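For reference, the structure is listed below as structure tokens.
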Amino acid sequence: MLKVFLLRHGQTAWNADNNRYCGRSDISLTTKGIQQAELVKEQLKHITFDGVYSSPLERAFMTANIATGAHVKKDNRLIEADFGNWEKKTREEFIAENPLLWQNWMEDPALHRAGGTGETGMEIVKRVDAFFNDVRKQHAGGNILVAAHNGVNRLYLAYKLGMPLRNYRMLVQDNASITMFTLAADGAFTLEHLNSKF
């Protein structure tokens with residue numbers, strides 16, 4: 001049984017700017033984001049991690065590094081969704097430009113491409129699931145921390161919970177909050193904490 005502490009990165013300037021879509025743009029944490037990561041370190045100080053992993057993007061890597069003080073392994077499969085034409089825009093801005101793209105995504109992100117040219121929800125889920133299948137075998141019986149992003153985290157969780165991917169937005173993960181779940185040897189998934197402060 002692998003215990004996973006899934007951490008969303010701390011606040012960025014774009015999170016603070018009406019949740020501007022950050023996707024693959026590599027921006028850093030704000031001062032508040034750094035403070036949030038330091039609070040996570042305090043929350044997790046009694047937990048020993050057998051591995052710490054993060055998205056290759058700076059905001060996730062910094063959060064993992066501050067929160068654990070451990071060696072952080074970057075894995076490209078944890079990178080945030082490719083949001084295509086939505087990148088660097090707020091939802092209000094890109095819906096005004098092309099409401100059909102958002103409507104299609106909300107109806108079935110598994111099949112439709114984010115922003116028209118980005119990834120489909122199923123492409124995202126497959127790469128994240130492949131990562132977790134690998135670390136489940138490598139760290140069986142241990143604890144790992146994984147720092148990633150709002151989009152990929154929620155789509156993966158929706159998938160593992162058997163929800164239609166269109167319902168992923170029903171799951172909340174605030175900046176620097178932890179979702180904890182276990183993965184059994186056969187891949188069975190059990191959600192223990194969602195959007196938690198330990």
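Observations on the model:
- Inter-site label distance for residue 95 and residue 58 at 7 Å from Cα along Cβ, in nm: 3.1
- Global form of the stretch 30-87, assessed from the alpha-carbon gyration tensor, a/c cut-off 1.5: oblate
- Debye, to nearest 20: dipole size of the stretch 2-196, +1 on Lys, Arg Cβ, -1 on Asp, Glu Cβ: 280
- Entry for percent of Cα pairs over 22 Å apart (calculated from the structure that is shown) out of (1) 54; (2) 44; (3) 59: (2)
- Taking θ as phi - 60° and the Karplus parameters 6.51, -1.76 and 1.60, the scalar couplings of the stretch 15-32 work out to 4, 6, 9, 6, 6, 4, 5, 9, x, 8, 4, 9, 10, 8, 7, 7, 4, 5 Hz in sequence order, x denoting glycine and proline.
- Close amide H contacts of residue 10 (hydrogens built in the peptide plane, cut-off under 5 Å, sequence separation of 5 or more or a different chain): 63, 176.
- Per-residue ellipticity at 222 nm, computed for the chain from helices alone with -39500 (n - 2.57) per DSSP H run of at least four residues, works out to -11000 deg cm²/dmol.
- Using the Karplus relation 6.51 cos²θ - 1.76 cosθ + 1.60 with θ = phi - 60°, the per-residue 3J(HN,Hα) values for the stretch 159-176 come to 4, 5, 7, x, 8, x, 4, 5, 8, 4, 6, 6, 9, 10, 9, 6, 3, 6 Hz, with x marking Gly and Pro.
- Here the Karplus curve 6.51 cos²θ - 1.76 cosθ + 1.60, taken at θ = phi - 60°, turns the phi angles of the stretch 92-109 into couplings of 4, 5, 7, 5, 4, 6, 7, x, 5, 4, 5, 4, 4, 4, 5, 6, 7, x Hz, with x standing for Gly and Pro.
- The gain in end-to-end length when the residue 195 to residue 19 segment is fully stretched comes to 61.6 nm, 0.36 nm per residue minus the alpha carbon separation.
- Cα centroid separation, the stretch 178-198 to the stretch 6-73: 19 Å.
- Label reach from residue 46 (point 7 Å along Cα→C-beta): in the stretch 4-21, amide nitrogens under 19 Å belong to 4-6.
- Residues whose amide H falls under 5 Å from that of residue 81, counting only those 5 or more places apart or on a different chain, are 151, 152, with hydrogens built in the peptide plane.
- Highest-MSF residue in the chain out of 62, 170, 106 [GNM, Cα springs under 10 Å]: 170
Since every read-out is calculated from the coordinates, none of them should be taken as a lab result. Since the structure is predicted, the reported quantities are computational estimates derived from the model, not experimental observations. Because the Cβ atoms are built from the backbone with ideal geometry, glycine has one as well, and the counts that use them run over all protein chains shown.
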